[in-house]
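Here's the structure, in structure tokens; my notes come after.
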Amino acid sequence: MIKNPHYNVVPGDAASHPYLDFTGVDVRVPMFVYLSREKRPGHDHNKKAGAMNAMVRASAILSNGPFMLNFDCDHYIYNCMAIREAMCYMLDRGGDRICYIQFPQRFEGIDPSDRYANHNTVFFDGNMRALDGLQGPMYVGTGCLFRRYAVYGFNPPRTNEYRGIYGQVKVPIDPHGHHHPGPEELRPLPEHPDHEAPQRFGKSKIVHRDHRRGQNGRPPGALLMPRPPLDAATVAESVAVISCWYEDGTEWGLRVGWIYGSVTEDVVTGYSMHNRGWRSVCCITRRDAFRGTAPINLTDRLHQVLRWATGSVEIFFSKNNAFLASRRLKFLQRLSYLNVGIYSFTSLFLIMYCLLPALSLFSGQFIVATLDPTFLCHLLLITITLMLLCLLEVKWSGIGLEEWWRNEQFWVIGGTSAHLAAVLQGLLKVIAYTVHVGVSRTVYAEIPQYSKLLGGGFFSFWVLAHYYPFAKGLMGRRGRTPTLVYVWAGLISITVSLLWITISPPDDRIAQGGIDM
Ligand SMILES: O=c1ccn([C@@H]2O[C@H](COP(=O)(O)OP(=O)(O)O[C@H]3O[C@H](CO)[C@@H](O)[C@H](O)[C@H]3O)[C@@H](O)[C@H]2O)c(=O)[nH]1
Ligand SMILES: [Mn+2]
């Protein structure tokens, strides 16, 4: 810990550094505290969420700053002015209803073709920006400026409640704070029972000291007042709040601070704030605000996607499923959070989509019974919708077609491997039986032979095209190979061989006239 900065400006001079001239420069260093919380065997430290909560409490004692910037240890500040931009939102009119400002994640050291879609531009510059028009972007774990008051689990200041499915009915809140029935989350702010503080926040009085100050920042001029130096008692207090047992019997990790029990604690933490009616802001600066590193080999990348998908399945089967959200979560925002809990399940359909073309080649049956006008109309409609979606994604996120294509490719690679693994794992955990999916061949009927080959061949190539980066990654990597990779290497080779058999059938089958061309 560096000692508190002096009250007065401390000008430097030529002698204050061996080769830099600090004449006329204020050389005071802001207080810097390195924190390492207590960990004990047998005591769950709750990983990153636990680390963040320890820092929230210690900083409450040491500075009680109303705003907190959070970024991962593998990220760094790339634009020192970004925080100022974020503060503009917080201090703007109506800004007291903003819980956090999320910057997009940007990465360094990724191969130029971004084979594993690490940049995730469609998500950070398309989806997040779009969410900004609703209740705000999700919290993605790093590059985020928080309002301390919101982190403490309080509700945003509100004068109206919005009822109805789409929140279209405006109901003014009773300013005199008459009793409002219903869950705690729905109670308006004035009713907040402060006497619950020790149960919610723990025994340290300083944690909930003057918490309302965090709502709108410090009063003007507060930073120019002399600060009492940190005494031994204060330092001892800040050590006490990062001990193993401090959180026992409190609401830390439940409703206060970073939420525990999920491998994607970030999404859940952001959700709990949106669920209270807070809104967030997506701040995209011209020069990247922060930069970090991302997994650059296939194994690490798939493990990362597996972790996210596991978090998604967890959310689906937890009380954080957006179906159970409060009425303060806006309709479209709820839809978006529903997608967070559901997207990994699309792997089940994706896998059929990937297998059916190959199967249809193998079995001699095509995917659909007949290519009648109704089917073609549906196909056309879906294709046009997908193309429009692609157009919007490319336009909004400002990416080129190549980057968009990488994104699509990785969606299929992750979707048929990591997402599926997460879903199966989750299903096995929740329900103790497996679902057998039988593919009935009776639904298929004869169709003209040429369209069968054309259809099967086209879709097989389409599927394989998505797997190109995956195949490249397989050839390039060394060391430990996850089982997933073997399984999917198998799937790809089956697809390739089926395709091959159909295109270039073995001679004896031609002799017998056994293959239908
Ligand atoms: O026991 C732990 C584990 C992780 N961390 C922190 O968590 C960060 C994220 O871990 P990392 O290994 O970098 O995982 P990523 O897949 O890169 O993380 C992404 O996904 C996570 C949620 O799944 C988010 O929390 C991250 O912010 C986001 O960058 C690290 O930088 C650490 O700062 C801890 O403090 N304690
Ligand atoms: Mn990381």
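Bear in mind that the values in this text are calculations on the coordinates, not laboratory data. Note that the structure is a prediction, hence the values are computed from the model and not measured. Because the Cβ atoms are built from the backbone with ideal geometry, glycine has one as well, and the counts that use them run over all protein chains shown.
Rounded to the nearest angstrom and listed largest first, the equivalent-ellipsoid semi-axes of the range 284-401 from its Cα gyration tensor are 32, 21, 20. Taking amide H positions as modeled 1.01 Å from N, with prolines and chain starts lacking one, the residues under 5 Å from Tyr78 and 5 or more places away or on another chain are Phe290, Arg291.
Separation of the range 289-316 and the range 344-360, taken as the distance between their Cα centroids, equals 22 angstrom.
Neighbouring Cβ atoms within 10 Å as the yardstick, rank Leu69, Leu389 fewest first.
The fewest-first ordering by Cβ neighbours comes to Leu389, Leu69.
Pairs exceeding 26 Å between alpha-carbon atoms, taken from Lys203/Lys429; Lys39/Lys203; Lys203/Lys319: Lys203/Lys429; Lys203/Lys319. Counted by neighbouring Cβ atoms within 10 Å, the residues Ile399, Ile83 run from fewest to most as Ile83, Ile399.
Each residue of the range 405-421 was assigned a 3J(HN,Hα) from its phi angle through the Karplus curve 6.51 cos²θ - 1.76 cosθ + 1.60 (θ = phi - 60°); the sequence is 5, 4, 4, 4, 4, 6, 4, 6, 5, x, x, 8, 10, 4, 4, 5, 4 Hz, with glycine and proline shown as x. Couplings 3J(HN,Hα) for the range 136-153, derived from phi with the Karplus relation 6.51 cos²θ - 1.76 cosθ + 1.60 (θ = phi - 60°), are x, x, 5, 7, 9, x, 8, x, 9, 9, 9, 8, 3, 4, 6, 5, 5, x Hz, where x marks Gly and Pro. Coupling constants for the range 80-91 follow from the phi torsions by the Karplus curve (6.51 cos²θ - 1.76 cosθ + 1.60, θ = phi - 60°), and in residue order they are 5, 8, 4, 5, 5, 4, 5, 4, 4, 5, 5, 8 Hz; glycine and proline get x. Taking other Cβ atoms within 10 Å as a rough exposure proxy, Glu161, Glu314 sort from fewest to most as Glu161, Glu314. Seen from Asp92, the other residues with C-beta closer than 14 Å to its C-beta sum to a net charge of +3, counting Lys and Arg as +1 and Asp and Glu as -1.
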